[in-house]
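Worksheet for the structure shown next.
The values are calculated or read from the model by the stated rules, or taken from the named source; none is laboratory data. Keep in mind that what you see is a predicted model, and the values were worked out from it rather than measured. Quick reminder, even Gly has a Cβ in these numbers, built from the backbone with ideal geometry, and neighbours come from all protein chains shown.
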């Protein structure tokens, strides 16, 4: 199914683009939500008009959210969590948790769909991207630490691990030949038994 995008769609394209999509995706989501129209001859004649309107709307939205993007860019969120001995969390830190904590910190409602990350299931430092518009995607830092410990202990632990691990050298192919040291060591034992 060929569609003409009327609005910017994340991971698909910008307004005015003609895209070929799966029938179900086009019919059930893009067309029903008003993100696209069928790519008919009449609609194709309006491509330039749609692109011009979208560009005006996009620049206005980017100007409006530029200050918020700069404010979000430097944010560090810390989450205390229960974890086992192997630093695995009991549960996880989800996009909803990050969106709620970020909204409290910057006083702007961020939806969980705008947070681009996988659920966090272990202790440590992570980064997440906040999609304000297609052009404005600031990154935030997330620190997950064990309940009862400080967040600095996690960062110090992570830096210590990085310092301990030497850079990996390329692996050489292992040969199947027996070690030469082992064979002579076994032979004298057999001779000693025969001599006795």
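Brief remarks on what is shown
- Filter result (part of a strand (DSSP E or B), at negative phi and free of Cβ contacts under 8 Å to residues at least 60 places away in the same chain) within the stretch 64-97: 88, 89, 90, 92, 93
- Only a single item in (1) out of contact with any helix residue (DSSP H, G or I) (no Cβ under 8 Å at 6 or more places or on another chain); (2) surrounded by fewer than 15 Cβ atoms within 10 Å (Cβ to Cβ); (3) within 30 Å of residue 149 (Cα to Cα) is not met by residue 33, and it is number (3).
- Restricting 98, 137 to residues that are modelled with pLDDT of 85 or more and surrounded by fewer than 17 Cβ atoms within 10 Å (Cβ to Cβ) narrows the list to 137.
- Identity of the residue in the stretch 109-118, part of a loop (DSSP other than H, G, I, E, B) and surrounded by fewer than 13 Cβ atoms within 10 Å (Cβ to Cβ), that ends up farthest from the chain's Cα centre (by Cα): 109
- Among (1) under 15 Å from the mean Cα position of the chain (by Cα); (2) at pLDDT below 90; (3) surrounded by 18 or more Cβ atoms within 10 Å (Cβ to Cβ), the one test that residue 132 misses: (1)
- From the list 53, 61, the lone residue that is assigned to a helix (DSSP H, G or I), over 25 Å from the mean Cα position of the chain (by Cα), outside the structural domain of residue 138 (by TED's automatic domain parsing) and in contact (Cβ under 8 Å) with a residue 12 or more places away in the chain is 53.
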